[in-house]
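The values are calculated or read from the model by the stated rules, or taken from the named source; none is laboratory data. Owing to the predicted nature of the structure, the values given are computational and were not obtained by experimental measurement. Glycine gets a Cβ as well: all are built from the backbone with ideal geometry, and neighbour counts include every protein chain shown.
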């Protein structure tokens, strides 16, 4: 049974009991599916994943904690009529604001935008319990069970604390001293920081663009010819686009989340987990697009090689006293980066099933409550690159975001 305090990184994404931060993962299918099939599939998925049977208790202790509910209700399924090709994006934006506060209901919502032949399935979860890999795996499991309701998923034991991930040679005394020093420094940093009341008051939005297979292949070929990665070219192109439209106001930096499973293999691909270490990548002055992409590729490899994810998780647990100040700073600071850029790469989910076809997967959407809420998510499915660009009208007007997105894609394909 789960009963553990939220990790520091989970607390940041949780924010508080009144602030929703939801990730929405969407798949488009062609074929007939029954509600009975849905129910069977969702019940099996809920039985596999402990966090889908848990709630967050923010009242009983100093810090919020997960508690598994013995009698939790099934995963809710909301069905609505599909009228246009854009309904999924509208519903995605609507689901950003869902608050999962009933302890007897799971922290997940499924929305079925149902058409006569074509439907979209939206999987909605708080970011405090999931990362991108989590959402893609849940879509994979759902498609598999919708196709074969008799399939079994198995189960797993979730971790009880970050101590479960510590290596045998972890020097506890040395790191405790380091943690105390970091906490003192953090408290001093927040003490001298001037408190700002500035907040985003505008409307959150999401822009979407899917490239066809020809253009997507052109980008991949461009990367192969020049010895760069798709991720490094994406970073360079979007930073260049910000610089073109924002001039000196552009920061020339991106923050890129990295799948924690690269560093902690005990966290399996099919396990629900929320933490993603990040690396900061930047443009170099005097370099062109391809030169910057080459440098970014090197920087990413170097920084990933230095990432100590196990220690980061453990060290974070010593920072709980300043989490509220961290959240307050994120809500009021413009930050030192242009955008948070998550490239999830190729999505490994079959497209052909007995009773339906998985036509496409849309990149996830999320609306952060931070002042700098600029977020780009990129996925590739069926050899088509897909982009979702999220922000807030108050921080980055939607029309400006469209220009930046279009310019970046122009740079990617030129």
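Just to check your reading of the model, which residue among 86, 10 is surrounded by fewer than 20 Cβ atoms within 10 Å (Cβ to Cβ), modelled with pLDDT of 95 or more and within 22 Å of the chain's Cα centre (by Cα)?
Going through 86, 10 in turn, just one is surrounded by fewer than 20 Cβ atoms within 10 Å (Cβ to Cβ), modelled with pLDDT of 95 or more and within 22 Å of the chain's Cα centre (by Cα): 86.
Yes or no: segment 47-54 includes at least one residue that is under 22 Å from residue 145 (Cβ atoms) and surrounded by fewer than 18 Cβ atoms within 10 Å (Cβ to Cβ).
Looking for residues that are under 22 Å from residue 145 (Cβ atoms) and surrounded by fewer than 18 Cβ atoms within 10 Å (Cβ to Cβ), one finds at least one in segment 47-54, hence yes.
Look at residue 267 and say whether it is buried (at least 18 other Cβ atoms within 10 Å of the Cβ), touching a strand residue (DSSP E or B) at 6+ places or on another chain (Cβ under 9 Å) and assigned by TED's automatic domain parsing to the domain that holds residue 335.
In short, no.
Can you name the residue in segment 97-121 that is crowded, with 23+ Cβ neighbours inside 10 Å and not in a loop (DSSP other than H, G, I, E, B) and is also farthest from the chain's Cα centre (by Cα) among such residues?
The qualifying residue farthest from the chain's Cα centre (by Cα) is 113.
Could you give me the residue pairs with C-beta distances under 7 Å whose first residue belongs to segment 379-395 and is surrounded by fewer than 17 Cβ atoms within 10 Å (Cβ to Cβ), whose second residue is not in a loop (DSSP other than H, G, I, E, B) wherever it lies, and which are 6+ apart or on separate chains?
Matching pairs, first to second residue: 382/360; 383/213; 383/216; 383/217; 393/205.
Looking at (1) surrounded by 17 or more Cβ atoms within 10 Å (Cβ to Cβ); (2) more than 20 Å from the chain's Cα centre (by Cα), which one does residue 363 not meet, given that it meets all the others?
(2)
With the condition being more than 30 Å from residue 321 (Cβ to Cβ), I'd like the helices (runs of 4 or more DSSP H) fully within segment 130-226 carrying at least 2 qualifying residues.
Per the criteria, 132-147, 213-226.
When you go through (1) more than 26 Å from residue 368 (Cα to Cα); (2) without any contact (Cβ under 8 Å) to a residue 60 or more places away in the chain; (3) not assigned by TED's automatic domain parsing to the domain that holds residue 20 one by one for residue 167, which number turns out not to apply?
(2)
For residues that are touching a helix residue (DSSP H, G or I) at 6+ places or on another chain (Cβ under 6 Å) and not in a helix (DSSP H, G or I), scanning just segment 227-248, find the one that is nearest to residue 24 (Cα to Cα).
229
Suppose we keep only residues that are in contact (Cβ under 8 Å) with a residue 12 or more places away in the chain and more than 22 Å from residue 379 (Cβ to Cβ) within segment 129-150. Which one would you say is surrounded by the most Cβ atoms within 10 Å (Cβ to Cβ)?
149
For segment 69-83, what are the residues that are modelled with pLDDT of 95 or more and under 30 Å from residue 324 (Cα atoms)?
72
Go through (1) more than 22 Å from residue 9 (Cβ to Cβ); (2) in the same structural domain as residue 204 (by TED's automatic domain parsing); (3) surrounded by fewer than 20 Cβ atoms within 10 Å (Cβ to Cβ) one by one and return the number of the condition residue 338 breaks.
Of everything listed in (1) more than 22 Å from residue 9 (Cβ to Cβ); (2) in the same structural domain as residue 204 (by TED's automatic domain parsing); (3) surrounded by fewer than 20 Cβ atoms within 10 Å (Cβ to Cβ), residue 338 misses just condition (3).
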